[in-house]
1. Using only alpha carbon pairs under 8 Å that are at least six residues apart, calculate the relative contact order of the chain and give it in whole percent.
2. Quick check of the Kirkwood formula: for segment 584-643, what is the inverse mean of 1/r over all pairs of different Cα atoms, in Å?
3. How big is the shadow of the Cα convex hull of segment 496-542, averaged over all directions, in nm²?
4. Which semi-axes, in whole Å and largest first, does the equivalent ellipsoid of segment 625-697 have when worked out from the alpha carbon gyration tensor as the square roots of 5 times its eigenvalues?
5. Hey, what's the Kirkwood Rh for segment 513-615 if you take every pair of different alpha carbons, in angstrom?
6. Restricting things to alpha carbons, find the Rg to Rh ratio for segment 40-194 using the Kirkwood radius for Rh.
7. Give the Rg (one decimal place) followed by the Dmax (whole number) of segment 1-75, computed from C-alpha coordinates and expressed in Å.
8. Would you mind giving the average projected area, over all directions, of the Cα convex hull of segment 254-293 in nm² with one decimal?
Amino acid sequence: MSATVTGAVGSSLRRIEGREKVTGTARYAYEYDPDDVAYAVLVQAAIARGEVRGVDVSRALALPGVLAVIWAGNAHRLAQDTQGELAVLQSPRVAYRGQIVAVVVADSQETARQAQALLKIDYAAESHDVLLREDHPGLYKPDKVNPAFATDTDRGDFEAAFGEAAVTVEETYRTPAMHNNPMEPHATIAVWQGDDGLILYDSNQGSSSVRQVVAKTFELDPERVHVIAPHVGGGFGSKGQPRPTVVATVMAAKVARRPVKMAVTRQQMFSLTGYRTPTIQRLRLGAGSDGRLVAIGHEVYEQSSTVQEFAEQTAVGTRMMYACANARTSHRLVRLDLPTPSWMRAPGECPGMYALESALDELAIACGIDPVALRVLNDPERDPENGREFSSRNLVACLQEGAERFGWDRRDPTPGVRRDGRWLYGTGMASSTYPANRQPSQAIARVSDEGRFTIEIAAADIGTGARTVLTQIAADALEVDSGRIEVKIGDSDLPQAMLAGGSMGTTSWGTAVIGVCAKLRELIADRIPAGGAEAHFDTAEDVEQQPELSRHSFGAQFIEVRVDVDSAEVQVARALGVFAAGRIINPITARSQFIGGMTMGIGMALHEQSVLDPEFGDYVNHDFAGYHIPTCADIEEVAAIWIDEHDSRVNPLGAKGIGEIGIVGTAAAVANAVHHATGVRIRELPIVPSKLVSRLS
Ligand code: MOS
């Protein structure tokens, strides 16, 4: 590969589909229009636990235009081993409020909704349990945490070291449930091709994995399942795996014997498409009076549902972040009568680093050491958990660059002393990290007689710019102008590929694209043969043969807040993120990922929370009026820059993946800044005025 000839990688190529998107011609899942289409509406449980004894469908079916009402009493039997959330209508059991208990199919959306209102569902309600507590009797130790990390770790002698430490911090931090809210809610159109074939227009993060799961669930040959998703309006993890909504739509189309459209409503996203588990995190840090860590303890309590286990890997960042001989981490889970949590941008690192980086701020104060200096002091040579070499680790460079640009050296550490009129000012910082992995992917490259190139890979562009960066990667690998290359993605008929998740999209797909382009170049080294040429490539074995290294991105975030002394409103006046995330393929799209993540992190710090009503048995805020995400008015200045890093030991691209690291650490930096501004430490997100107002003197 020669990166220098065309110089596409590293350049600010504009989004290839940008024009289609702004002119409204880019088609999203719900906008496809198959002939004779019918509409499905998902009916949700009105109890949190119990059973559906029966559904009186007579009035609904009498309505002209209603095609079917499906419920546990008449539903299609899915493959025997279908489990968890995907076992839609396979049992009369209700595991949580909002679960799908029926599907109405009609020839219009309005009729389907009207019919829904006419259903009489007879429930046998049972008492429910929805409250996560660190002393819940149902807590247990899962076998592993997402996706396959050890549940607990223990190195050195934590108790002894913590007991003898000169300085200690022992605090509990809490994060609420949070719901993924991409701009485009989930949507699916299912079109059966006879009894054994299926076309799905579906909003997802990976058409290959949707095909596999749907084929298995409906006992179809995967070759006969075609998933089409060229444009996706965000996912943040919630579209990483097919949701029960997909299964319900496929079922509805089977019963109606017509193509069926289904759009998840914004309200339904608060029950049916996953969410971030709430966490209770007990942190115990021990250090010498010089600030060197001698003991780190991180105990996590979190929830799953009764239908499926999802154990978030909340403490994994703590295991590798800082040099410390004695460290213990654990995860305990309780099964509650609530939906199953799932992936939400940086699952694990995001809530876990909030707690760790808050505790480190408290430790810095207890030791009388600057928080940036504390992190530099404890930067490890090797991965402290497994002794492995880091493929590259530039946390210190991020900390120093950020401190300098932010003006950190002028900071007076005394809390609560900077006031201008009604506003108290303060600054805070935190570190960021995220793993830099990749997964097997395949690609095909073609060249035509005329010298036009086509790259095919079932990658997904969920708004990240994937199509654009793959074009840049191919341009350099082929040493041709990007204008001669078309990258085809978002279709399960293309070569199998990793989903857009775990910040592994670009690295997984890019490695396959580089490989396939090299192969094609060999074929056309002398000249393009008559009729063109085609090359195939698979990174499967190569992923397994990677050397044992610790591969992570790092970053440092600096935040300035102002806090209204009367109302306790917190505003983020300034946010700066500095990242060391390998080679940056496209500065425009990369910046969007970083500042998007940071903005979501500010939302986590100040706004986002799904509010549980224990009596009702559900989260009660089901829309943007009640569930607050940052708007433009909440975000003043968010800047992201990066350290030049080309890590050839993570992949031939030298890139580490950037979709998630931007949200990691932001909330801690905000909370630390709020403490600096006010002298008040809030250990439970979000930092809403009601938690702060009575504590401002
Ligand atoms: Mo991301 S939460 O791994 O899609």
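Quick note: the coordinates plus some simple rules give every number you see, no bench work behind them. This structure is a prediction, so every number in the text was calculated from the model and none was measured. Backbone-built Cβ (ideal geometry, glycine too); neighbour counts: all protein chains shown.
1. On the way: 1837 pairs, mean separation 116.4, N = 697.
After rounding, I find 17 percent.
2. Working: mean 1/r = 0.0741 Å⁻¹.
The Cα-based Kirkwood calculation yields 13.5 Å.
3. On the way: hull surface 15.6 nm².
If I average the Cα hull's projected area over directions, I get 3.9 nm².
4. Values: eigenvalues 234, 46, 27 Å².
Ellipsoid semi-axes (Å, largest first): 34, 15, 12.
5. Details: mean 1/r = 0.0519 Å⁻¹.
In segment 513-615 this quantity evaluates to 19.3 Å.
6. Values: Rg = 22.9 Å, Rh = 20.0 Å.
Radius of gyration over Kirkwood radius for segment 40-194 works out to 1.15.
7. 24.5, 70
8. 6.5 nm²
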